[in-house]
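Visitor: Below you'll find the structure I mean.
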Amino acid sequence: MKQEKQYIPFKPLNLPDRQWPDKIIAEAPIWCSVDLRDGNQALVTPMGIDEKLKFFHTLVDCGFKEIEVGFPSASETEYEILRTLIEGGHIPDDVTIQVLVQAREELIRKTFDSVYGAKNVIIHFYNSTSTLQRKVVFEKDMAGITDIAVQGAKLIRQLTEEEVAHSGMNIRYEYSPESFTGTEIDFSIAICEAVMKELKATEEKPIILNLPSTVEMATPNTYADQIEYFCRNLQNRAAAIISIHPHNDRGSAVASAELALMAGAERVEGTLFGNGERTGNLDIVTVALNMFTQGVDPQLDFSNMLAVRKIYECCTKMKVPERQPYAGDLAFTAFSGSHQDAIRKGYAYMEHSGTPYWEVPYLPINPADLKREYEPVIRINSQSGKGGAAFVLQHAVGYNLPKEMHPEFGNIVKAAADELGDELSRGQIVELFKREYTEFSGKHKLISYQFSEVTGTDGSIRSKFDGSVSVDGVEKSITGTGNGPIDSFFQALEKIGVAAYKFVNYHEHAISSGSDAQGICYIELKKPVGDHIFGVGIHSNINVAALLGIINAINRSEKQR
């Protein structure tokens, strides 16, 4: 790829004694959803009032206590949506709404007008501080940029004091040095300290200092270094809550957020499924559920994942990708044979061991925790293994195929997938099984049957079969005596020329309960020429199910000749 223009490599911070790599995330941060502001402004068609209300209530139901609801000074639409939330009584008492505003006097005043009547409000103001923006956009030096922030803070403090004296509103402050990652780190600290001083931040009433990766410019470890350095060197650190707002330009916003939390951040701004400008914001769902898989309560509830996704897609007109972590249609799906086999064995281990822990290979979270237990974890195509189809049958209709039978049925399914050129649904796999085994009709058919006990010449109790089978449509009576029902049936079949098959093994289990309970029997035979073949029989009498399985195996063998 030819470079027409040179790119300037990002210069990392020199922090040789960094401490964050040895930290772990042991508790949830403060979460702030910016779906209704940052996410909304990135939509092709921004949400209307009804959509914003529906989305707002979904965020509340998920457990968000801080929600950025808009940029009310930017447009009348944003202003009216905020007024609807407040005047309509939509905001719970324990939820704080956050409003964004540039550090400009006329916009700050309109913002204060917009929040009238609210109980808990965060005034989030910002100005861009980056080296590039100072040079290209504002043409100001560091002192000029700092003055913009301080003058904005001064007006906000004045209007806050007036509003609190009038209404008692609980107002908190948030300041963002926009494009923090592209700003000299010591200048970021200096401008934040100047704002803190102007707002009289204290440990009892701390300011939120939001350090956004407005444009993701380097690897996540670099962002973590910046956060740790900032936390170490900020004066009056106890009077600030360090917040992060990662964007996803390099595709590593989740990693940036997690490393920044290890580096000292206490608060996270982001959106559901990462919606936002350009390549998006941080996906809060992924970060929260990553914590959940490590035994950390994220203090957010995504247990009804598909319902949350449905609201998101309805309101934003955006589509959650199929491979999106935790929420995508294929997030828990395995097509690979080795993956399918390991997942199947993991489920079996969980059931038989009684372990209190989730221990299933390839699935870092139990899909049932997200109410996804009824979706296919294992899906079948031509790349799937011998155990995948058996797993689907077990979960779809309760058939527990013996392990020895997996290769035979797996090959049948693979051939069907190759012919179709696509994956097979559960219904298609069940129909394949029925067509090949339980509903397959061939040369032989069991017509009647009766078992009785007889005494052998040596005094032992033997089993006797009396019945009839149809051979090419001609009914023939047969009888035989053996060590048990299966042996006596084989002895009877020998008398009509079916003598070259050897019984190998059988497995059985119930597939229903109650007075009309049925059992399923899997029969393995050695063919006259070649390897083994399986047959399946279903009947309320398990002995009869075995006979049906034998007939099925013989018919299938003769079909293959």
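Every residue, every condition in (1) within 30 Å of Asp297 (Cβ to Cβ); (2) touching a helix residue (DSSP H, G or I) at 6+ places or on another chain (Cβ under 8 Å); (3) not in a helix (DSSP H, G or I), yes or no:
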{"site": "Val44", "(1), (2), (3)": "no, no, yes"}
{"site": "Asp61", "(1), (2), (3)": "yes, no, no"}
{"site": "Phe64", "(1), (2), (3)": "yes, no, yes"}
{"site": "Ile67", "(1), (2), (3)": "yes, yes, yes"}
{"site": "Pro72", "(1), (2), (3)": "no, yes, yes"}
{"site": "Glu80", "(1), (2), (3)": "no, yes, no"}
{"site": "His90", "(1), (2), (3)": "yes, yes, yes"}
{"site": "Asp93", "(1), (2), (3)": "yes, no, yes"}
{"site": "Val99", "(1), (2), (3)": "yes, yes, yes"}
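Visitor: Look at Ala553 and say whether it is open to solvent by less than 60 Å² (accessible area, probe 1.4 Å) and in contact with a Cys (Cβ under 8 Å, 6 or more places away or on another chain).
Guide: Against the criterion (open to solvent by less than 60 Å² (accessible area, probe 1.4 Å) and in contact with a Cys (Cβ under 8 Å, 6 or more places away or on another chain)), Ala553 does not qualify.
Visitor: Here is a follow-up. From the list Ile191, Ile227, Ile241, pick out the single residue that is at pLDDT 95 or above, of a type outside the set (S, T, N, Q) and not in a helix (DSSP H, G or I).
Guide: Being at pLDDT 95 or above, of a type outside the set (S, T, N, Q) and not in a helix (DSSP H, G or I) holds for just one of Ile191, Ile227, Ile241, which is Ile241.
Visitor: Check off (1) open to solvent by 10 Å² or more (accessible area, probe 1.4 Å); (2) more than 13 Å from Pro29 (Cβ to Cβ); (3) more than 25 Å from the chain's Cα centre (by Cα) for Phe230 and give me the number that stays unchecked.
Guide: (1)
Visitor: Here's another thing I want to ask about it. Quick one: Cys32 ticks every box in (1) open to solvent by less than 30 Å² (accessible area, probe 1.4 Å); (2) assigned to a loop (DSSP other than H, G, I, E, B); (3) touching an Asp or Glu at 6+ places or on another chain (Cβ under 6 Å) bar one, so which box is it?
Guide: Unmet condition: (2).
This table checks each residue for (1) out of contact with any Phe, Trp or Tyr (no Cβ under 9 Å at 6 or more places or on another chain); (2) part of a strand (DSSP E or B); (3) in contact (Cβ under 8 Å) with a residue 60 or more places away in the chain; (4) open to solvent by 50 Å² or more (accessible area, probe 1.4 Å).
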| residue | (1), (2), (3), (4) |
| --- | --- |
| Ala118 | yes, no, no, no |
| Ile145 | no, no, no, no |
| Ile148 | no, no, no, no |
| His166 | yes, no, no, yes |
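Visitor: Within the range 522-538, count every residue that is in contact with a Leu (Cβ under 6 Å, 6 or more places away or on another chain) and farther than 14 Å from Lys502 by Cα.
Guide: Looking only at that region, the number is 1.
Visitor: State whether one or more residues within the range 304-316 are part of a loop (DSSP other than H, G, I, E, B) and over 19 Å from the mean Cα position of the chain (by Cα).
Guide: No, there is no match, as no residue in the range 304-316 is part of a loop (DSSP other than H, G, I, E, B) and over 19 Å from the mean Cα position of the chain (by Cα).
Visitor: In the set Ser114, Ser75, which member is surrounded by 21 or more Cβ atoms within 10 Å (Cβ to Cβ) and closer than 24 Å to Ile148 by Cα?
Guide: Result of the check over Ser114, Ser75: Ser114.
Visitor: Taking into account only those residues within the range 508-536 that are at pLDDT 90 or above and β-branched (Val, Ile, Thr), which is surrounded by the fewest Cβ atoms within 10 Å (Cβ to Cβ)?
Guide: For the range 508-536, the residue satisfying everything is Ile533.
Visitor: Asp329 is checked against (1) within 11 Å of the chain's Cα centre (by Cα); (2) over 12 Å from Arg372 (Cβ atoms) and fails just one. What number does that condition carry?
Guide: (2)
Visitor: Looking only at the range 444-466, which residues are among the aliphatic types (A, V, I, L, M), more than 56 Å from the chain's Cα centre (by Cα) and open to solvent by 50 Å² or more (accessible area, probe 1.4 Å)?
Guide: The answer is Ile461, and nothing else.
Visitor: Please go through the range 291-310 and give me each residue that is aliphatic (A, V, I, L, M), more than 21 Å from Glu359 (Cβ to Cβ) and surrounded by 18 or more Cβ atoms within 10 Å (Cβ to Cβ), ordered by number.
Guide: Listed by number, the residues that qualify are Leu300, Met305, Val308.
Visitor: Among the residues of the range 396-432, how many are modelled with pLDDT of 85 or more, within 31 Å of the chain's Cα centre (by Cα) and open to solvent by less than 40 Å² (accessible area, probe 1.4 Å)?
Guide: Looking only at that region, the number is 11.
The values are calculated or read from the model by the stated rules, or taken from the named source; none is laboratory data. Everything numeric in this text was worked out from a predicted model, so none of it was measured. So basically every Cβ, Gly included, is an ideal-geometry build from the backbone, and we count neighbours across all protein chains shown. Please note that ligands, DNA and RNA were not included when accessible areas were found on the heavy atoms of the full protein model with its side chains. Shrake-Rupley method; radii C 1.70, N 1.55, O 1.52, S 1.80 Å.
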